[in-house]
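Okay, structure first, notes after.
The values are calculated or read from the model by the stated rules, or taken from the named source; none is laboratory data. Just so you know, these numbers come straight off a predicted model, no measurement behind them. Methodologically, a virtual Cβ is constructed for each residue, glycine included, from the backbone with ideal geometry; neighbour enumeration extends over all protein chains shown.
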């Protein structure tokens, strides 16, 4: 009797921590996937040196008047399994209206981004909060300086939003390439 009790106690001692450890590992992996690539703190602005022009940081999403238009365009595109040419044109116009400042992306680059992004999110399930975040990230990308930390953060934010929507890797990379094209083809 004592031998059986000792065997059960010993088995429980070795099996229980392994079972609980597996659940924690799954939760940690899920949380890591959810927060992958999202910056925890904004990057510090570089100090201005005499004789150089400092780039203006992108506006906060709340001060961008046309970001709400992007959200509604995203909602209409994702509602159907395939984006129409009219939706893509409207989306491109909304993207262009978000760009402020002296250097704006070319119409061709904006249209290419709109086409690629519309194809990537058409028919996908994207929560309202994720749509708003995607629109803010797109607005930041439209206004970020070439090669800036803000541009890199905006591109990563858009990629994360597409990942959450369930877009495939090829379309996520195509959108990232189109976003990079925005900064290299300024008017």
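Quick notes
- Against the list (1) at pLDDT below 85; (2) under 19 Å from residue 155 (Cβ atoms); (3) crowded, with 17+ Cβ neighbours inside 10 Å, the condition residue 60 fails is (3).
- Residue check, residue 170 farther than 23 Å from residue 89 by Cβ, at pLDDT 90 or above and over 14 Å from the mean Cα position of the chain (by Cα): yes
- Selection from the stretch 100-121 of residues that are surrounded by fewer than 20 Cβ atoms within 10 Å (Cβ to Cβ), in contact (Cβ under 8 Å) with a residue 12 or more places away in the chain and not in a helix (DSSP H, G or I): 100, 101, 103, 104, 106
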